[in-house]
Structures are given as structure tokens and as C-alpha cells.
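Enquirer: Quick one: the structure is below, questions incoming.
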Amino acid sequence: MNIKQLKYFLVVAQERQITAAAHRLYIAQPPLSYQLKQLEKELNSTLFNRTAYGIELTDAGKKFQKYAEEIVNLSQKAKDELGKEEAGEVGTIRLGLISSSGDIVPTNQFPKLTQFYPDLNFEIYENNTFGVIEDMKKDFIDMGIVRTPFNMKGLENIELNTDPMVAVFNPNFYNLGQGTLQIKDLKNLPLILYRRFEAIFNESFSHQGVTPFYAVKCDDARTAILWSDKGMGVALVPKSIACAYSKQDFSIIDHSSWITHLELIWSKEKAVTPIMKKVIDSFHSQSKK
């Protein structure tokens, strides 16, 4: 039994005549009759009664008609769904995000994607950069947005933005002005450190002959900003995070090695699915603007 035989059976059941069914199916009568006989032989049931006026379904034929319709419809549905998946029109993207991804995601293209492809959906998993990369290695996610620096081994990437480091401060406690700061300007200030960048900061301070005073150390840039807003010190965080979460002033720190980038990453070892490609293209479109 195959789908072609089931379709032939359903057309004959509708037309109630071999000649009309053969004409509708664009085949000759003998092959059609042969396929019907093979189907009856495999089912060990008589599906049709041949009469002088045409063909009538037997009780077994009427019962089998319902099954045949379900099978043919299910086959077409599976074909349609697989076709949509191959075209990137249906499926789930498991996306890992860091808290500082800000307004990078969703991109301006995401609403268009979900508008044109309503069967496309996203599952968001939030973590820090190293957690997102680890989730990708374990195949928990398909793609991720992370912040440099990180080990690029085994990863493909798209750079999404350039983010200078800023000093966030409450002007009721500290007056750093509105201009650009140099590293030496941070000397003797109580600094609030996001541990993610501790090694980079210490290396730069050492080169400049500055001994920093870390009044607070924490593991989330948003926490650093909150403590800064309360007057506990000057937070050193990427600009995009300050723009998204700080209620206070900030000044850009002019130091090239403190510039970070948000990047879209995915595994080199995993094939890029059509739906992943659509998402990657949406980031490409946004980064070119």
C-alpha cells in the first residue's frame, strides 16, 4: 500500500466510475484498475462493487475511505511542514542572551520574520557570556549573543556593535564632568568593578602606573550601576548597559583596549539550518544600517 494507491482509491470513490476517475487522474484505465486490485489484495477486502452503472463502495470500502482520507491528509501535512522547515518558515530558535544585549535583540527584522512566518518561534535562555558559550557547546541553544572578550575557538560570529567603557556616577556624590575621561582620571576614585573585566582593567591600570581602589566588586553590570546610582562609587561598565539601566550621568573612557563588542555566535560544528540563516540575515541587515 502506498500514498499513490490511496489517492487513486479516493478519486474512484468520489467519481464512482473508473473512466471518469482515470480521466481526472490523467492515466489509462488498465493501470488504475490494476492498482485498485493490488490494494484490495493487500487489504484482503473488497472495496468496490462493480455494477452496470458504475462502482459503489462496499461497507469495507466506506470504512477504508475514512482511513485513506486521514492518511493522505496527514501525508500532505507532513510534506507541507517539512517544506516550510526546509525553507526556514517554521521552527524554533533557541537563543542565548546576556543581560547586556540591550536593544540589539530583537532586531528590527524580527517582527517581519514572525509576520511572514507565523510558525517561527523563539526560546530565550539568559546567562552570562561564558554560560551562553557553555550552553552552545552542550547544544542547549542554537545561537547566542555574547560580549568580548571570549574564546572564539569553534565559533562563527557576527559583530553587532562597538561599545566603549564608561564611568557611571551619581553627580550628588562625584563630579567627573561630561567630557571624555582618561584612565589616570580614575585614580583615587572608589570604583565599582564588574568582575568580567577585572583582568583587562588591572592590566591597563598597571601600564598607566595607577593603583585602582575597588570599593565594590560584583558579577553583573546592572548591580554595578545600581550601587553607583546609590553613591557607592563609580561603576565601570559598557556604554550600552549604562544607557539601558543607569539613571545617572556617565562619561566615556578613552582607552582602546577597553572597547568591547556584542557578537552573535553559533557553532562551527553544527549545520546552519534555514531558519537559523534567516535570523543571521536579520542581524546582517541591522548591522549594515
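What follows is calculated from the coordinates using simple rules that are stated; it is not laboratory data. No experiment lies behind these values; they were computed from the predicted model shown. Note: ideal-geometry Cβ built from the backbone for every residue, glycine included; neighbour counts use all protein chains shown.
Enquirer: Using alpha-carbon positions, what is the distance between the centroids of segment 171-209 and segment 239-289, in Å?
Expert: Result: 24 Å between the Cα centres.
Enquirer: With the dipole of the chain worked out from charges on the C-beta (+1 for Lys and Arg, -1 for Asp and Glu) around the Cα centre, which of Phe110, Gln29, Leu181 lies farthest toward the positive end?
Expert: So the residue furthest toward the plus end is Gln29.
Enquirer: Relative contact order for the chain using alpha-carbon pairs under 8 Å, separation at least 6, rounded to a whole percent? Please report the intermediate quantities before stating the final value.
Expert: Working: 469 pairs, mean separation 60.9, N = 289.
The value is 21 percent.
Enquirer: Explain nothing, just the number: dipole magnitude of segment 139-289 about its Cα centre with +1 on each Lys and Arg Cβ and -1 on each Asp and Glu Cβ, in debye rounded to the nearest 20.
Expert: Numbers: 17 positive and 16 negative charges, 26 e Å.
Once rounded to the nearest 20, the dipole reads 120 debye.
Enquirer: Compute the FRET efficiency between Tyr26 and Asp119 as 1/(1 + (r/R0)^6), taking r as their Cβ-Cβ distance and R0 = 25 Å, and round to the nearest 0.05. The partial results should precede the final answer.
Expert: Numbers: r = 33 Å, r/R0 = 1.32.
Between Tyr26 and Asp119 the formula returns 0.15.
Enquirer: From the square roots a ≥ b ≥ c of the eigenvalues of the alpha-carbon gyration tensor of segment 3-86, which class results: rounded (a/c under 1.5), prolate (a/b over b/c), or oblate? Walk me through the intermediate numbers first.
Expert: On the way: a/c = 2.26, a/b = 1.65, b/c = 1.37.
Taking the square roots of the gyration eigenvalues as a ≥ b ≥ c, segment 3-86 is prolate.
Enquirer: Further question on the same structure: Pull out the extension gain between Val11 and His207, defined as 0.36 nm times the separation in residues minus the alpha carbon to alpha carbon distance; nm, one decimal.
Expert: Here the segment from Val11 to His207 would lengthen by 62.2 nm.
Enquirer: Calculate the FRET efficiency for Asp281 and Asn172 from the Cβ-Cβ distance with a Förster distance of 51 Å, rounded to the nearest 0.05. If you can, show how the numbers build up before the last one.
Expert: Numbers: r = 47 Å, r/R0 = 0.91.
FRET efficiency, Asp281 to Asn172: 0.65.
Enquirer: Suppose every Lys and Arg Cβ carries +1 and every Asp and Glu Cβ carries -1, with no other charges. What dipole size does segment 3-86 come out with about its Cα centre, to the nearest 20 debye? Please list the in-between numbers first.
Expert: Working: 13 positive and 11 negative charges, 53 e Å.
So the dipole magnitude of segment 3-86 works out to roughly 260 debye.
Enquirer: Antiparallel DSSP bridges in segment 166-289: what percent, to the nearest 5? Spell out each step's value before the answer.
Expert: On the way: 7 of 16 bridges.
Bridges in segment 166-289 that DSSP calls antiparallel: roughly 45 percent.
Enquirer: Describe numerically, in nm with one decimal, the distance between label points set 7 Å from Cα along Cα→Cβ at Ala52 and at Lys187.
Expert: Inter-label distance under the simple model: 11.7 nm.
Enquirer: Towards the positive end of the charge dipole of the chain, with charges on Cβ (+1 Lys, Arg; -1 Asp, Glu), say which of Thr46, Gly231, Gln248 has the farthest Cα.
Expert: Positive-end residue among those listed: Thr46.
Enquirer: Could you tell me which label, among (1) 179; (2) 168; (3) 116, carries the value of volume of the Cα convex hull per residue in Å³ calculated for this structure?
Expert: So the structure-derived entry is (1).
Enquirer: Assuming R0 = 22 Å, can you tell me the calculated FRET efficiency for the pair Glu156 and Arg94, based on Cβ-Cβ distance, to the nearest 0.05? Write down the numbers at each step before the final one.
Expert: On the way: r = 16 Å, r/R0 = 0.73.
Rounded to the nearest 0.05, the efficiency is 0.85.
Enquirer: If you place +1 on the Cβ of every Lys and Arg and -1 on the Cβ of every Asp and Glu, how big does the dipole about the Cα centre of the chain come out, in debye to the nearest 20?
Expert: Computed about the Cα centre, the dipole is about 620 debye.
Enquirer: Have a look at the DSSP beta bridges in the chain and tell me what percent are antiparallel, nearest 5.
Expert: Of the beta bridges lying entirely in the chain, close to 55 percent run antiparallel.
Enquirer: If I stretch the segment between Met1 and Ser256 completely, what's the gain in nm (0.36 nm per residue apart, minus their alpha carbon distance), one decimal?
Expert: Working it through step by step, the gained length comes to 84.8 nm.
Enquirer: Along the charge dipole of the chain, pointing to its positive end and built from +1/-1 on Cβ of Lys, Arg, Asp and Glu, which listed residue (Gly144, Gln65, Ala271) has its Cα farthest out?
Expert: Gln65
Enquirer: Also, quick follow-up: For Lys270 and Lys63, calculate 0.36 nm times their separation in residues minus their Cα-Cα distance, and state this gained length in nm to one decimal.
Expert: Values: separation 207, 0.36 × 207 = 74.52 nm, distance 4.66 nm.
Answer, rounded to one decimal: 69.9 nm.
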